[in-house]
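Q: A single structure is presented below for examination.
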């Protein structure tokens, strides 16, 4: 099953049996049927919290769904230090986790490490494990974009001072202790909450 965020609203793609307890609109997709109109309609209907598109072949469904967008891949990290604090950034009036686009010729793991280093000014990070990817959509220069972000849990044992990458509009880079996390969680994106819930 795929879960795609349209800001704070959700579009699910999966098999019919996965939608049994879903409360909302369920749309059965058949092969070769265009999804573009449905996607644009859901994007505009901001009062509709979620929809579920079902199909027998979910991978084929997702491939067709992704073809309705400009597709971009990104990578980032949920980083813990020795005190089990989590590294967060403040950008565009929201708390976020460090992440960015995968560059040409770069592996996803390399991109995740590079982006955390660049956005927060830390080095010698270690990837501990891969987490679930998130998908979200947005509009950029008149194009509807679908971004997949690969997430990794990382560890950091250094003592470097955090340096926010201001040219990427990052105002603050901060270590959050467990008792400070409610501040982060109260002002972040739905897709980031999905990453944060796996402690």
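The values are calculated or read from the model by the stated rules, or taken from the named source; none is laboratory data. Small disclaimer: the values here were computed from a predicted structure and weren't measured. All Cβ positions, even for glycine, are placed from backbone atoms using ideal geometry, and neighbour counts span all protein chains on display.
Q: Looking at (1) surrounded by fewer than 20 Cβ atoms within 10 Å (Cβ to Cβ); (2) in the same structural domain as residue 154 (by TED's automatic domain parsing); (3) assigned to a strand (DSSP E or B), which one does residue 104 not meet, given that it meets all the others?
A: Every listed condition holds for residue 104 apart from (3).
Q: Follow-up. Do you know which residues across segment 10-39 are without any contact (Cβ under 8 Å) to a residue 60 or more places away in the chain, surrounded by 12 or more Cβ atoms within 10 Å (Cβ to Cβ) and within 25 Å of residue 193 (Cα to Cα)?
A: 11, 12, 13, 14, 15, 18, 19, 22, 24, 25, 26
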